[in-house]
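Below is one structure, written out as C-alpha coordinates; the observations come after it.
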Amino acid sequence: MASSGFSAKQVILLVAVAASLLAVTQAATVVVGGSENWRYGYNYTEWAANNAPFYFEDTLVFKYEQTPAHSVYLLPNLWSYWTCDFSKAKLLANPTQGQGDGYKFVLNQWRVFYFASAEGNDCKDGLMKLIIVPWPRY
Ligand SMILES: *[C@@H]1O[C@H](CO)[C@@H](O)[C@H](O)[C@H]1NC(C)=O
(Lines give C-alpha, C1' and ligand atoms only; values in the text may rest on other atoms or scores of the structure.)
Protein backbone atom coordinates (compact mmCIF):
# COMPACT_ATOMS: atom_id res chain seq x y z
CA MET A 1 0.00 0.00 0.00
CA ALA A 2 1.39 3.43 -0.97
CA SER A 3 1.87 5.74 1.96
CA SER A 4 0.03 9.04 1.82
CA GLY A 5 0.70 12.39 3.50
CA PHE A 6 3.98 13.52 5.00
CA SER A 7 6.72 11.47 6.56
CA ALA A 8 7.86 12.31 10.09
CA LYS A 9 10.99 13.88 8.62
CA GLN A 10 8.91 16.11 6.37
CA VAL A 11 6.66 17.17 9.25
CA ILE A 12 9.66 18.13 11.39
CA LEU A 13 11.11 20.11 8.51
CA LEU A 14 7.77 21.88 7.93
CA VAL A 15 7.47 22.83 11.62
CA ALA A 16 11.03 24.14 11.64
CA VAL A 17 10.42 26.24 8.53
CA ALA A 18 7.12 27.57 9.95
CA ALA A 19 8.80 28.45 13.26
CA SER A 20 11.60 30.34 11.52
CA LEU A 21 9.08 32.25 9.40
CA LEU A 22 7.12 33.16 12.53
CA ALA A 23 10.27 34.49 14.15
CA VAL A 24 10.89 36.73 11.15
CA THR A 25 7.24 37.77 11.16
CA GLN A 26 7.32 39.46 14.58
CA ALA A 27 6.52 43.12 14.05
CA ALA A 28 9.31 45.46 15.06
CA THR A 29 9.19 48.71 17.00
CA VAL A 30 11.60 51.28 15.63
CA VAL A 31 12.47 54.67 17.11
CA VAL A 32 12.71 57.12 14.21
CA GLY A 33 16.21 58.58 14.20
CA GLY A 34 17.44 55.99 16.70
CA SER A 35 19.24 57.69 19.60
CA GLU A 36 18.88 61.06 17.81
CA ASN A 37 15.10 60.81 18.16
CA TRP A 38 13.00 63.31 16.13
CA ARG A 39 14.97 66.55 16.04
CA TYR A 40 15.91 69.48 13.86
CA GLY A 41 18.90 68.96 11.55
CA TYR A 42 19.21 65.18 11.61
CA ASN A 43 19.02 63.64 8.13
CA TYR A 44 15.95 61.37 8.25
CA THR A 45 16.15 60.57 4.56
CA GLU A 46 19.54 59.03 5.21
CA TRP A 47 18.33 57.37 8.41
CA ALA A 48 15.37 55.80 6.56
CA ALA A 49 17.66 54.55 3.79
CA ASN A 50 20.07 53.03 6.33
CA ASN A 51 17.29 51.40 8.35
CA ALA A 52 15.10 50.07 5.53
CA PRO A 53 13.25 47.91 4.91
CA PHE A 54 10.35 48.57 7.22
CA TYR A 55 7.60 45.99 7.29
CA PHE A 56 3.84 46.04 7.33
CA GLU A 57 2.60 46.25 10.96
CA ASP A 58 5.92 47.59 12.23
CA THR A 59 5.58 50.43 14.73
CA LEU A 60 7.44 53.71 14.27
CA VAL A 61 8.07 55.77 17.41
CA PHE A 62 8.56 59.53 17.16
CA LYS A 63 10.21 60.92 20.30
CA TYR A 64 10.80 64.63 20.71
CA GLU A 65 11.20 67.40 23.25
CA GLN A 66 8.46 69.94 23.76
CA THR A 67 10.82 72.88 23.03
CA PRO A 68 11.68 73.64 20.35
CA ALA A 69 8.35 72.39 19.11
CA HIS A 70 8.09 69.51 16.64
CA SER A 71 5.15 67.54 15.33
CA VAL A 72 4.32 64.60 13.08
CA TYR A 73 2.13 64.98 10.00
CA LEU A 74 1.22 62.58 7.24
CA LEU A 75 1.50 64.27 3.86
CA PRO A 76 -0.75 63.20 0.98
CA ASN A 77 1.79 62.81 -1.82
CA LEU A 78 5.35 63.26 -3.04
CA TRP A 79 4.79 66.82 -4.24
CA SER A 80 3.52 68.06 -0.86
CA TYR A 81 6.44 66.19 0.71
CA TRP A 82 8.98 67.90 -1.54
CA THR A 83 7.50 71.36 -1.09
CA CYS A 84 6.62 70.92 2.60
CA ASP A 85 3.02 71.86 1.84
CA PHE A 86 0.92 70.93 4.87
CA SER A 87 -2.39 72.30 3.57
CA LYS A 88 -3.76 68.78 2.96
CA ALA A 89 -1.65 67.04 5.57
CA LYS A 90 -3.06 65.02 8.43
CA LEU A 91 -1.91 65.82 11.95
CA LEU A 92 -0.71 62.66 13.69
CA ALA A 93 1.02 64.07 16.76
CA ASN A 94 1.12 67.65 18.07
CA PRO A 95 4.12 69.21 19.87
CA THR A 96 3.08 67.72 23.22
CA GLN A 97 2.71 64.13 22.02
CA GLY A 98 6.36 63.22 21.53
CA GLN A 99 7.41 63.10 25.14
CA GLY A 100 7.76 60.08 27.38
CA ASP A 101 7.44 56.91 25.35
CA GLY A 102 6.83 59.02 22.25
CA TYR A 103 4.16 58.93 19.60
CA LYS A 104 3.61 55.47 18.09
CA PHE A 105 2.45 54.91 14.53
CA VAL A 106 1.72 51.46 13.11
CA LEU A 107 2.44 50.89 9.42
CA ASN A 108 -0.85 49.12 8.84
CA GLN A 109 -1.74 50.36 5.39
CA TRP A 110 -0.33 49.44 1.99
CA ARG A 111 0.73 52.90 0.93
CA VAL A 112 3.67 55.23 0.78
CA PHE A 113 3.94 57.13 4.07
CA TYR A 114 5.24 60.68 3.85
CA PHE A 115 6.02 61.94 7.37
CA ALA A 116 7.16 65.43 8.30
CA SER A 117 7.22 67.96 11.11
CA ALA A 118 5.31 71.16 10.39
CA GLU A 119 6.78 73.38 13.10
CA GLY A 120 8.98 76.33 12.17
CA ASN A 121 11.42 75.38 9.41
CA ASP A 122 11.56 71.73 10.52
CA CYS A 123 10.52 70.38 7.15
CA LYS A 124 12.11 72.87 4.75
CA ASP A 125 15.47 73.36 6.46
CA GLY A 126 15.55 70.93 9.36
CA LEU A 127 15.43 67.70 7.30
CA MET A 128 12.55 66.48 9.49
CA LYS A 129 10.83 64.41 6.84
CA LEU A 130 11.00 60.84 5.68
CA ILE A 131 9.36 58.42 3.28
CA ILE A 132 8.49 54.91 4.40
CA VAL A 133 7.19 52.13 2.19
CA PRO A 134 6.13 49.07 4.18
CA TRP A 135 7.25 45.73 2.78
CA PRO A 136 5.39 42.48 3.05
CA ARG A 137 6.95 40.01 5.48
CA TYR A 138 7.48 37.38 2.80
C1 LIG B 1 20.48 63.68 3.47
O2 LIG B 1 20.77 62.36 3.07
C3 LIG B 1 20.43 62.10 1.72
C4 LIG B 1 20.65 60.60 1.49
O5 LIG B 1 21.93 60.20 1.86
C6 LIG B 1 21.28 62.97 0.81
O7 LIG B 1 20.92 62.73 -0.53
C8 LIG B 1 21.02 64.42 1.16
O9 LIG B 1 21.87 65.25 0.41
C10 LIG B 1 21.24 64.67 2.64
N11 LIG B 1 20.86 66.04 2.94
C12 LIG B 1 21.66 66.89 3.56
C13 LIG B 1 21.15 68.27 3.73
O14 LIG B 1 22.75 66.56 3.97
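Evaluated against (1) over 21 Å from TRP110 (Cβ atoms); (2) in contact with a Ser or Thr (Cβ under 9 Å, 6 or more places away or on another chain); (3) surrounded by fewer than 16 Cβ atoms within 10 Å (Cβ to Cβ), THR67 falls short on exactly one condition, (2). Among the residues of segment 51-88, those identified as among the small types (Gly, Ala, Ser) and more than 16 Å from the ligand (Cβ to nearest atom) are ALA69, SER71, SER80, SER87.
Scanning segment 73-94 for residues that are touching a Lys or Arg at 6+ places or on another chain (Cβ under 7 Å) and either among the aliphatic types (A, V, I, L, M) or without any contact (Cβ under 8 Å) to a residue 40 or more places away in the chain (or both) turns up LEU74, PRO76, SER80. Mind counting the residues in segment 35-79 that are aliphatic (A, V, I, L, M) and closer than 13 Å to TYR103 by Cβ? Here the count works out to 4.
Of all the numbered requirements in (1) within 16 Å of the ligand (Cβ to nearest atom); (2) open to solvent by 30 Å² or more (accessible area, probe 1.4 Å), ALA48 misses one, and that requirement is (2).
The values are calculated or read from the model by the stated rules, or taken from the named source; none is laboratory data. In this text, all values refer to a predicted model and were calculated from it rather than measured experimentally. Counting neighbours? That spans all protein chains shown, and the Cβs are built from the backbone with ideal geometry, glycine included. Areas reflect the complete protein model, heavy atoms only, side chains present, ligands, DNA and RNA absent. Shrake-Rupley method; radii C 1.70, N 1.55, O 1.52, S 1.80 Å.
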